[in-house]
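**Q** Please find one structure pasted underneath; my questions will follow.
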Number of protein chains: 2
Amino acid sequence: MAGDGYRVGVLGATGLVGSTILELLAERDFPLAELRPLASERSAGKQIEWGSKSLTVQEVSEDSIQGLDLVLSSAGGSVSAEWTPKIVAAGATVVDNTSYWRMHDDVPLVVSEVNPDALEGHEGIVANPNCSTMQMVVALKPLYDAAGIERLVISTYQAVSGTGKAAIDALRAEARAAVGGSDVPKPEIYPHQIAFNVLAQAGSFADGDDHTDEERKLINETRKILGDPEIRVSATCVRVPVVTGHSEAVNVETREPLEPEQARELLAAAPGVTVVDDPGAGRYPMALEAAGKDDVFVGRIRRDAGNERALDLWVVSDNLRKGAATNAVQLAELLAGRGLLGNQG
Amino acid sequence: MAGDGYRVGVLGATGLVGSTILELLAERDFPLAELRPLASERSAGKQIEWGSKSLTVQEVSEDSIQGLDLVLSSAGGSVSAEWTPKIVAAGATVVDNTSYWRMHDDVPLVVSEVNPDALEGHEGIVANPNCSTMQMVVALKPLYDAAGIERLVISTYQAVSGTGKAAIDALRAEARAAVGGSDVPKPEIYPHQIAFNVLAQAGSFADGDDHTDEERKLINETRKILGDPEIRVSATCVRVPVVTGHSEAVNVETREPLEPEQARELLAAAPGVTVVDDPGAGRYPMALEAAGKDDVFVGRIRRDAGNERALDLWVVSDNLRKGAATNAVQLAELLAGRGLLGNQG
């Protein structure tokens, strides 16, 4: 810590997640001696309003990464692959929001409410999980601790902001054209029109793989975070015409019996979870209500009508906040609180 | 049959499904001696353009139901409860698209490609299944015949046209306001805004039930149509901001081993099914492409990454056509072809 706070870099500061991280650092009053927005050459020199200050975006470079305690990075996999080792070598701890480091054996993949102790002994890089995984494991953790998890069948309803600002613009432009009766613009962000449509593809297909990378993340990251490679996972990741807020239908087969009412009580007591579950009164989690909030919202908690050992859940959260930025800042808080930040000069 | 065709009534002729039935009777060249649109008092007297003709909607009454061979009904459960027995007593066979008669033991629940023989011995009423069930069982039937089905975990992505014209208008009005930056109108059709949102509620909750009636239909009708009460079904029915075309993520655990490639071949050869399954090239079924077509589209056919005995499928169809009107007209064709229509004077 330098002076009265930490010297923090935000890499990818002009993106949706980066901007949300900047907001949250202010909102949560993270102790800052310096806040340095970093980005690619294209964004260098841009001014970012931050509270009463105006911050100048610096191009990420050997020079601009010096003298930092912590870098919160969300600049994409290839940028992370190149710059994360350099930033760590320069003395900072990196909380990385890309998929690049998540499955590395020596990189902890951490959700603040689920496996905070995995931060201990990190070697400079801490990975922030994928959004759809993040919100789900927050809801699953209390059930896992109580009854174990044998199998998950997950279908997602993912918002376009997970893809970035351009996807939000594309959805709005398509919707505007469709309701106005004019020609819907040719899709450039997704392979097909997303407005008034549903795409059975969130993420992309690696050569010859019949699952998207998003589906693989949901399968693999869930096991790593819960520390249980035996959990069996089916995942279908779907993009829906929603701006922000991922929804998920999660079928959970537990190892030990667990009643819906027990699950509801466990979830109501769990950190980071809000139970919204009075469906007869129209109360269940919704993307529109979750957007802008930090919690994971869980509802439709019920016995699977076809399996006495399974529960059905509906899990919704803001994919930019708990699904990305909020957890990154929570990890920064934990790292700082536990004295685990690099370069603590 | 009277003269060169059948005397056919369409009850609920001014609704979305009724209009589609009228279209399909023309499109499929059903042999008609008379076509009589029937509806509630509110719609009586309206003119319906049908090919080069103009038909006058008649109020359903003891008089207007006389002298018919067949009535295709989609006028809602309470209308069906009242009028179906009267229409049968007047001598016509009723193909009913409401949920009212579907689970009655003496009423066959029939999908033309799945269990056409159930039409034999009907007692005047034949039930047309629920849209989300209909499209799914068309895709499941060839797999069921080959390997049996132990368990299904289903998440739906249902279009608003399943609710009726007013729901389409509401979605469009909400979307127009949202993209225009004006206040989104207060929801009147659904409990919440549907534009740019996802609702974990398709259908309604009966008192004390933790599943919607739509979810119960999917569970119960699937077993009745496949004639197998042992199939275990988990169902989460979700409304999405799509105009027409229901999508479904279906996890199928078979009783005998079944490879994805075998499933793909069985589906490619199945009546009423089109396989669209080259996800790496962006080819999978989509609501926007299915709308206006009669087939059930199946893709994303793959091994469940967590269960060697399960497959994941993505099933999409036009909920107004195969999900309702097309099957009703196909049942009419089967009934006529097999000499099973009442009042065959």
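The values are calculated or read from the model by the stated rules, or taken from the named source; none is laboratory data. Remember, predicted model here, so these are calculated numbers, not experimental data. For neighbour counting, all protein chains shown are included, and Cβ atoms are generated from backbone atoms with ideal geometry for every residue, glycine included.
**Q** Determine whether A:Pro229 is outside any helix (DSSP H, G or I), touching a residue at least 60 places away in the same chain (Cβ under 8 Å) and out of contact with any Gly (no Cβ under 9 Å at 6 or more places or on another chain).
**A** On the way: outside any helix (DSSP H, G or I): yes; touching a residue at least 60 places away in the same chain (Cβ under 8 Å): no; out of contact with any Gly (no Cβ under 9 Å at 6 or more places or on another chain): yes.
No; evaluated as a whole, the condition is false for this residue.
**Q** Anything in region B:196-228 that is among the hydrophobic types (A, V, I, L, M, F, W, C) and at the interface with chain A (Cβ under 8 Å from one of its Cβ atoms)? List them, or say none. Walk me through it before giving the result.
**A** First pass over region B:196-228, keeping only residues among the hydrophobic types (A, V, I, L, M, F, W, C): B:196, B:198-200, B:202, B:205-206, B:218-219, B:225-226.
The answer is B:Phe196, B:Val198, B:Leu199, B:Ala200, B:Phe205, B:Ile219.
**Q** Given the residues B:Ser161, B:Ser155, B:Ser182, B:Ser204, which is the only one that is on the phi < 0 side of the Ramachandran plot and either in contact with a Leu (Cβ under 7 Å, 6 or more places away or on another chain) or aliphatic (A, V, I, L, M) (or both)? Please lay out each step first, then the result.
**A** Details: B:Ser155 fails: either in contact with a Leu (Cβ under 7 Å, 6 or more places away or on another chain) or aliphatic (A, V, I, L, M) (or both); B:Ser182 fails: either in contact with a Leu (Cβ under 7 Å, 6 or more places away or on another chain) or aliphatic (A, V, I, L, M) (or both); B:Ser204 fails: either in contact with a Leu (Cβ under 7 Å, 6 or more places away or on another chain) or aliphatic (A, V, I, L, M) (or both).
Step by step, each of B:Ser161, B:Ser155, B:Ser182, B:Ser204 is checked, and only B:Ser161 is on the phi < 0 side of the Ramachandran plot and either in contact with a Leu (Cβ under 7 Å, 6 or more places away or on another chain) or aliphatic (A, V, I, L, M) (or both).
**Q** Right, next: Listed residues A:Ala281, A:Ala269, A:Ala291; which is more than 25 Å from A:Asp145 (Cβ to Cβ), assigned by TED's automatic domain parsing to the domain that holds A:Gly148 and surrounded by fewer than 21 Cβ atoms within 10 Å (Cβ to Cβ)? So that I can check it myself, show each step before the final result.
**A** Numbers: A:Ala269 fails: more than 25 Å from A:Asp145 (Cβ to Cβ); A:Ala291 fails: surrounded by fewer than 21 Cβ atoms within 10 Å (Cβ to Cβ).
Residue meeting the stated conditions: A:Ala281.
**Q** Could you tell me which numbered condition A:Ala305 fails, if it satisfies all but one of (1) touching a strand residue (DSSP E or B) at 6+ places or on another chain (Cβ under 9 Å); (2) small (Gly, Ala, Ser); (3) touching a residue at least 40 places away in the same chain (Cβ under 8 Å)?
**A** If we test A:Ala305 against (1) touching a strand residue (DSSP E or B) at 6+ places or on another chain (Cβ under 9 Å); (2) small (Gly, Ala, Ser); (3) touching a residue at least 40 places away in the same chain (Cβ under 8 Å), just (3) comes out false.
**Q** Just to be sure before I move on: is B:Pro191 assigned by TED's automatic domain parsing to the domain that holds B:Tyr284 and closer than 30 Å to B:Val114 by Cα in the structure I sent? Please lay out each step first, then the result.
**A** Numbers: assigned by TED's automatic domain parsing to the domain that holds B:Tyr284: yes; closer than 30 Å to B:Val114 by Cα: no.
The answer is no for B:Pro191.
**Q** State all residues of region A:1-28 that are over 18 Å from the mean Cα position of the chain (by Cα) and either closer than 19 Å to A:Gly339 by Cβ or of a type in the set (S, T, N, Q) (or both); if no residue qualifies, say none.
**A** A:Met1, A:Ala2, A:Gly3, A:Asp4, A:Gly5, A:Tyr6, A:Arg7, A:Val8
**Q** Considering only region A:109-116, I want to know if a residue exists there that is over 20 Å from A:Gly9 (Cα atoms) and assigned to a helix (DSSP H, G or I).
**A** yes
**Q** Every residue in region B:65-96 that is part of a helix (DSSP H, G or I) and buried (at least 18 other Cβ atoms within 10 Å of the Cβ), please. Please lay out each step first, then the result.
**A** Initially, region B:65-96 is screened for residues part of a helix (DSSP H, G or I), giving B:77-89.
B:Val79, B:Ser80, B:Trp83, B:Thr84, B:Ile87, B:Val88, listed by residue number.
**Q** Within region A:140-159, can you find the residues that are touching a strand residue (DSSP E or B) at 6+ places or on another chain (Cβ under 7 Å) and in a helix (DSSP H, G or I)? I'd like the intermediate steps shown before the answer.
**A** As a first pass, look at region A:140-159 and keep what is touching a strand residue (DSSP E or B) at 6+ places or on another chain (Cβ under 7 Å): A:140, A:143, A:147-159.
Across region A:140-159, the qualifying residues are A:Leu140, A:Leu143, A:Ala147.
**Q** Only residues that are more than 15 Å from A:Asn220 (Cβ to Cβ) and in a helix (DSSP H, G or I): list them for region A:117-139, please.
**A** Hits for region A:117-139 are A:Asp117, A:Ala118, A:Leu119, A:Gln135, A:Val138, A:Ala139.
**Q** If you go through region A:173-194 one residue at a time, how many are in contact (Cβ under 8 Å) with a residue 12 or more places away in the chain, at the interface with another protein chain (Cβ under 9 Å from one of its Cβ atoms) and not in a loop (DSSP other than H, G, I, E, B)?
**A** 3
**Q** Taking the conditions exactly as written (within 22 Å of the chain's Cα centre (by Cα) and within 30 Å of B:Glu261 (Cβ to Cβ)), does A:Ala166 satisfy them or not?
**A** Details: within 22 Å of the chain's Cα centre (by Cα): yes; within 30 Å of B:Glu261 (Cβ to Cβ): no.
No: the conditions fail for A:Ala166.
**Q** Criterion first (surrounded by 23 or more Cβ atoms within 10 Å (Cβ to Cβ), away from chain A (no Cβ under 14 Å) and in contact with a Leu (Cβ under 8 Å, 6 or more places away or on another chain)) does B:Val138 satisfy it?
**A** Numbers: surrounded by 23 or more Cβ atoms within 10 Å (Cβ to Cβ): yes; away from chain A (no Cβ under 14 Å): yes; in contact with a Leu (Cβ under 8 Å, 6 or more places away or on another chain): no.
Answer is no for this residue.
**Q** Restricting the search to region A:28-58, which residues are of a type outside the set (A, V, I, L, M) and surrounded by 13 or more Cβ atoms within 10 Å (Cβ to Cβ)? Show your work before the answer.
**A** Taking region A:28-58 and keeping what is of a type outside the set (A, V, I, L, M), we get A:28-31, A:34, A:36-37, A:40-43, A:45-47, A:49-54, A:56, A:58.
Scanning region A:28-58 gives A:Arg28, A:Phe30, A:Pro31, A:Glu34, A:Arg36, A:Pro37, A:Ser40, A:Ser43, A:Lys46, A:Trp50, A:Gln58.
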